[in-house]
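**Q** Here you go, one structure.
The values are calculated or read from the model by the stated rules, or taken from the named source; none is laboratory data. Quick caveat, the model's predicted, so the values are computed rather than measured. When we count neighbours, we look across all protein chains shown, and the Cβ atoms used for this are built from the backbone with ideal geometry, even at glycine.
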């Protein structure tokens, strides 16, 4: 089968490898559509400072890294799924960047008919569902979302569905803010910390946001989001940390009596079905996020475009 292998910083090579054979209780899934995620980029960029990459020898193992995938079961050695079933399924440890990959029932949910380039977004949306279920009641509140990449956009959409009245979407790319308006943002701000803080002050009358979501994963944006919440407000840290230790302004956050929630996951069997239904039913329209699509053979072009955030790229798809 055809698979991709990272052989250096920003360098992917397509190679032939044997089709893996599922063991007892496993399934073999054939890629239909995969979506590149921000958590795939440290591997592509070979960010040696990133905890996921620092100790890995080059070249990286074939199939690393892709994990947002819709496909069909090609071979099954479990009772729950049969050959031909259409599924949203996580590969083992991000090893999905090829025509086939291995998974198991615990990481897999069935999906209905419908456009795979939309349904595949149930994977990142499932992680957002997992995070939002940890929040207090947000009905009628104000939220600010720092970062309007794919995850930030999905937070915008889901929080709107949950009854947040005012959603302030912040990013440095104007084209992403245009998409955020379609996803449910009531206010947008393109700028750095000072500009975002000023808009939050204007919208909230100087009180601060009830909820601030950090959807980037950098220490600077975590501190920015923490400073935007009102007294007794909630900071939801979602962006995957780029470092083992962060210099966090905890004293200020402490005296503001802020509440910190962090989230990573999700619970596949609980959160993914909710996300699938939200997309399949049209409750959340993810079409504004699907900006580019490449065949698997052009994974190099797809990853490069996504990494460089060129041409209005939000979600870049790879077709099997």
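**Q** Considering only residues that are touching a residue at least 60 places away in the same chain (Cβ under 8 Å) and within 21 Å of residue 9 (Cα to Cα), which ones fall in region 290-314?
**A** Hits for region 290-314 are 296, 297, 299, 300, 302, 303, 304, 306, 307, 309.
**Q** Kindly provide the set of residues from region 278-303 that are out of contact with any helix residue (DSSP H, G or I) (no Cβ under 6 Å at 6 or more places or on another chain), assigned to a helix (DSSP H, G or I) and over 17 Å from residue 39 (Cβ atoms), ordered by number.
**A** Listed by number, the residues that qualify are 278, 280, 287, 296, 297, 298, 300, 301.
**Q** Given the conditions (1) under 19 Å from the mean Cα position of the chain (by Cα); (2) touching a residue at least 24 places away in the same chain (Cβ under 8 Å); (3) surrounded by fewer than 20 Cβ atoms within 10 Å (Cβ to Cβ), report the number of the one that residue 35 does not fulfil.
**A** (3)
**Q** Within region 191-203, can one find any residue that is outside the structural domain of residue 37 (by TED's automatic domain parsing), within 24 Å of residue 316 (Cβ to Cβ) and either modelled with pLDDT of 95 or more or within 18 Å of the chain's Cα centre (by Cα) (or both)?
**A** No, every residue in region 191-203 fails to be outside the structural domain of residue 37 (by TED's automatic domain parsing), within 24 Å of residue 316 (Cβ to Cβ) and either modelled with pLDDT of 95 or more or within 18 Å of the chain's Cα centre (by Cα) (or both).
**Q** Restricted to region 216-237, and to residues that are in a loop (DSSP other than H, G, I, E, B) and out of contact with any strand residue (DSSP E or B) (no Cβ under 6 Å at 6 or more places or on another chain), which residue is farthest from residue 55 (Cα to Cα)?
**A** Looking at the filtered set, the residue picked out is 227.
**Q** Got a sec? Which of 102, 119, 60 is within 18 Å of the chain's Cα centre (by Cα), at pLDDT 95 or above and under 22 Å from residue 295 (Cα atoms)?
**A** On the way: 102 fails: within 18 Å of the chain's Cα centre (by Cα); 60 fails: within 18 Å of the chain's Cα centre (by Cα).
Answer to the check: 119.
**Q** Residues being in contact (Cβ under 8 Å) with a residue 60 or more places away in the chain, closer than 20 Å to residue 259 by Cβ and buried (at least 21 other Cβ atoms within 10 Å of the Cβ): count how many of those fall in region 172-215. So that I can check it myself, show each step before the final result.
**A** Let us first name the residues in region 172-215 that are in contact (Cβ under 8 Å) with a residue 60 or more places away in the chain, namely 173, 175-176, 179, 182-183, 203-204, 209-215.
Subsequent filtering for residues that are closer than 20 Å to residue 259 by Cβ retains 204, 209-215.
Subsequent filtering for residues that are buried (at least 21 other Cβ atoms within 10 Å of the Cβ) retains 209-215.
Residues meeting the conditions: 7.
**Q** Just to be sure I understand, how many residues within region 28-40 are part of a loop (DSSP other than H, G, I, E, B) and either farther than 25 Å from residue 1 by Cβ or at pLDDT below 95 (or both)? Walk me through how you get there before you give the answer.
**A** In the first step, residues of region 28-40 are kept if they are part of a loop (DSSP other than H, G, I, E, B); the result is 36-37.
So of that shortlist, the ones also either farther than 25 Å from residue 1 by Cβ or at pLDDT below 95 (or both) come out as none.
So the answer is 0.
**Q** For region 44-55, give me each residue that is at negative phi, out of contact with any helix residue (DSSP H, G or I) (no Cβ under 7 Å at 6 or more places or on another chain) and surrounded by 15 or more Cβ atoms within 10 Å (Cβ to Cβ).
**A** Restricting attention to region 44-55, the residues satisfying the condition of being at negative phi are 44-45, 47-55.
Still in the list and also out of contact with any helix residue (DSSP H, G or I) (no Cβ under 7 Å at 6 or more places or on another chain): 47-49, 51, 54-55.
Residue satisfying the conditions is 47 alone.
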